[in-house]
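Asks: Got a structure for you, written out below as structure tokens; questions coming shortly.
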Amino acid sequence: MKTLDEAREPHFREFIKSCNNWEVCVSMGCSYEMLEEIDRDKFRDDLKRFMEAYNIEDSEYQTVVDFYNKVYQNFRAQQPEGGQVHKRDPELWALRKQFLKRCGVKSTHNRKSHKHPKAVWYMVEAYGFSWHHFNLEKLPDEALAYLVSNAALAVAHKDARGQTLDYMWDEMEDSTLYELYKGVKNFTKLTEA
């Protein structure tokens, strides 16, 4: 498969490693829960800084999160194949699913589906893969497909997240869209009650 042949080339090694940073951290002993908490804290800090800059009340935090999610979905959908990595290269995704099944992990298509501690340790134990040296030559196609698809998922998420935060900051210059979103959300709550 051409994608996997290219992924084995040395100049892609650092890119794939940096996109699979979560797995590298897990292989060094960081717990899944700790890494998830760091992600949540970073997200919370970004939104709190945004709210402080535009004098948005703390009581509106969930509305800001919901607004972020709506904007994020739009930017993710604007990416190739609607941001759905499994549609870009179905053959690669099929190899990924085979690998996850071999590791004992259910494969899913949601955003967090690239975070599987079992897969990290399986690669070490079954293939002698080193997350420090990133010796891709030891990996079969299925395991390499896992790394390549993780890189695609990480890049898609990072791009959409960055665009979302930029848009939110820019949009607040006149705040019409956020105010409209907030008004609709409040109206919906009233009508449901």
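Asks: Among the numbered criteria (1) among the aliphatic types (A, V, I, L, M); (2) closer than 20 Å to CYS19 by Cα; (3) in contact with an Asp or Glu (Cβ under 9 Å, 6 or more places away or on another chain), which one does LEU139 miss?
Replies: Among (1) among the aliphatic types (A, V, I, L, M); (2) closer than 20 Å to CYS19 by Cα; (3) in contact with an Asp or Glu (Cβ under 9 Å, 6 or more places away or on another chain), the lone unmet condition for LEU139 is (3).
Asks: Pairs please, first residue from the stretch 73-95 and more than 21 Å from PRO140 (Cβ to Cβ), second anywhere and surrounded by fewer than 14 Cβ atoms within 10 Å (Cβ to Cβ) and at pLDDT 75 or above, Cβ atoms under 7 Å, 6+ apart in sequence or on different chains.
Replies: Note: pairs meeting the criteria are GLY83/ALA77.
Asks: May I pose another question? So which residues in the stretch 20-55 are touching a helix residue (DSSP H, G or I) at 6+ places or on another chain (Cβ under 7 Å), closer than 21 Å to ALA143 by Cα and not small (Gly, Ala, Ser), if there are any at all?
Replies: Within the stretch 20-55, ASN20, TRP22, GLU23, VAL24, CYS25, VAL26, TYR32 qualify.
Asks: When you check ASP170 against the structure, is it modelled with pLDDT of 90 or more, more than 17 Å from ALA7 (Cβ to Cβ) and exposed (fewer than 14 other Cβ atoms within 10 Å of the Cβ), yes or no?
Replies: no
Asks: Residues that are at pLDDT 90 or above and touching a Pro at 6+ places or on another chain (Cβ under 9 Å): find the helices (runs of 4 or more DSSP H) completely inside the stretch 33-139 holding 1 or more of those.
Replies: 90-103, 117-127
Asks: I'm trying to understand the selection: among the residues of the stretch 135-155, which are of a type outside the set (Asp, Glu) and either surrounded by fewer than 17 Cβ atoms within 10 Å (Cβ to Cβ) or in contact with a Cys (Cβ under 6 Å, 6 or more places away or on another chain) (or both)?
Replies: The answer is ASN135, LYS138, PRO140, ALA151, ALA154, VAL155.
The values are calculated or read from the model by the stated rules, or taken from the named source; none is laboratory data. Everything quoted here is computed from the prediction, not taken from an experiment. FYI the Cβ positions are ideal-geometry reconstructions off the backbone, even for glycines, and counts take in every protein chain you see.
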